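Data first, discussion second: the structure below is written as structure tokens.
The values are calculated or read from the model by the stated rules, or taken from the named source; none is laboratory data. A quick note: this is a predicted structure, and the numbers were derived from the prediction, not measured. Cβ placement follows ideal geometry from the backbone for every residue including glycine, while neighbour counts extend to all protein chains displayed.
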Amino acid sequence: MQNPWKTLKIKEVYDNPWINVTHRDVINPGGGKGIYGVVHFKNLAIGIVPLDKDLNTWLVGQYRYTMDEYTWEIPEGGGIVGVDPLEGAKRELQEETGIVAASWLKITDLATSNSVTDERGIIYVARDLTFGEAEPEESEDLKVKKIPFSEAVEMVMRGEITDSLAMIGIMKVKLMLDRGEL
């Protein structure tokens, strides 16, 4: 489908190593003048749902500065655009939880919030797990907990997990398990 928007002018408002923000003067699909703010992420969002043979999973808890709240999520982080996202997933899982997986399956590609950002995400299921020591980054004060996967699903349903990558990953894995696809 052809793009019905016309961009008249783009002005960079902010730039750092992770994001770039632009203000855009546009003509909208109805022909009227308007503005659009676009947040460009310089990394790919990557999430991992680790599952052991007994269908336990691991969640990562941390205080999220942007939300001003403590959250429980699947292991996740950023992958360098242009580098195999599986390498980023392996790194993030090991850094945040100490887990190394022998089996990986990409379960979805997604747009994290397509009304304001061009950020893309990928979620994997990691299986055949071995365990070591976590090596979180300096900016991460993480708590890791092992729970039955069914409890992670219930945490989503009760609104205790609200992170979009975590919710999508957990619910997609639930559907795949219910269908016998995992």
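SER150 is checked against (1) touching a Leu at 6+ places or on another chain (Cβ under 8 Å); (2) closer than 22 Å to TYR63 by Cα; (3) modelled with pLDDT of 95 or more and fails just one. What number does that condition carry?
The failed condition is (2).
Take GLY159 and decide whether it is in contact with a strand residue (DSSP E or B) (Cβ under 8 Å, 6 or more places away or on another chain) and either assigned to a helix (DSSP H, G or I) or not acidic (Asp, Glu) (or both). I'd like the intermediate steps shown before the answer.
Numbers: in contact with a strand residue (DSSP E or B) (Cβ under 8 Å, 6 or more places away or on another chain): no; either assigned to a helix (DSSP H, G or I) or not acidic (Asp, Glu) (or both): yes.
Answer is no for this residue.
Quick one: PRO29 ticks every box in (1) surrounded by 12 or more Cβ atoms within 10 Å (Cβ to Cβ); (2) over 15 Å from the mean Cα position of the chain (by Cα) except a single one, so which number is it?
(1)
Please find, among ARG120, ARG158, the residue that is closer than 30 Å to ILE35 by Cα, out of contact with any Gly (no Cβ under 9 Å at 6 or more places or on another chain) and not aliphatic (A, V, I, L, M). Quick ask: steps written out before the conclusion?
Details: ARG158 fails: closer than 30 Å to ILE35 by Cα.
None of the other options fit; the residue is ARG120.
Would you mind stating whether LEU142 is buried (at least 18 other Cβ atoms within 10 Å of the Cβ) and not aromatic (Phe, Trp, Tyr)? Can you show your working first?
Numbers: buried (at least 18 other Cβ atoms within 10 Å of the Cβ): no; not aromatic (Phe, Trp, Tyr): yes.
Considered against the rule, which asks whether it is buried (at least 18 other Cβ atoms within 10 Å of the Cβ) and not aromatic (Phe, Trp, Tyr), LEU142 comes out as no.
Starting from segment 95-109, keep only residues that are on the phi < 0 side of the Ramachandran plot, then list their pairs with residues that are polar (S, T, N, Q) and outside any strand (DSSP E or B) whose Cβ atoms are within a distance under 8 Å, requiring at least 6 positions of separation or different chains.
Sorted first by the residue in segment 95-109, then by its partner, the pairs are VAL100/GLN94.
Looking at the structure I just gave you, is THR97 hydroxyl-bearing (Ser, Thr, Tyr), in contact with a Leu (Cβ under 9 Å, 6 or more places away or on another chain), surrounded by 13 or more Cβ atoms within 10 Å (Cβ to Cβ) and over 16 Å from MET167 (Cα atoms)? Please lay out each step first, then the result.
On the way: hydroxyl-bearing (Ser, Thr, Tyr): yes; in contact with a Leu (Cβ under 9 Å, 6 or more places away or on another chain): yes; surrounded by 13 or more Cβ atoms within 10 Å (Cβ to Cβ): yes; over 16 Å from MET167 (Cα atoms): yes.
Spelling it out, THR97 is indeed hydroxyl-bearing (Ser, Thr, Tyr), in contact with a Leu (Cβ under 9 Å, 6 or more places away or on another chain), surrounded by 13 or more Cβ atoms within 10 Å (Cβ to Cβ) and over 16 Å from MET167 (Cα atoms).
I'd like to check something: does segment 17-33 contain any residue that is touching a His at 6+ places or on another chain (Cβ under 6 Å), under 30 Å from VAL60 (Cβ atoms) and polar (S, T, N, Q)? Spell out the reasoning first.
Within segment 17-33, the subset touching a His at 6+ places or on another chain (Cβ under 6 Å) is 20.
Still in the list and also under 30 Å from VAL60 (Cβ atoms): 20.
Of the ones still in play, those that are also polar (S, T, N, Q) are 20.
Among the residues of segment 17-33, at least one is touching a His at 6+ places or on another chain (Cβ under 6 Å), under 30 Å from VAL60 (Cβ atoms) and polar (S, T, N, Q), which makes the answer yes.
Return yes when GLY37 is closer than 16 Å to ASN114 by Cα and either over 16 Å from the mean Cα position of the chain (by Cα) or of a type in the set (Ser, Thr, Tyr) (or both) and no when it is not.
Yes, satisfied.
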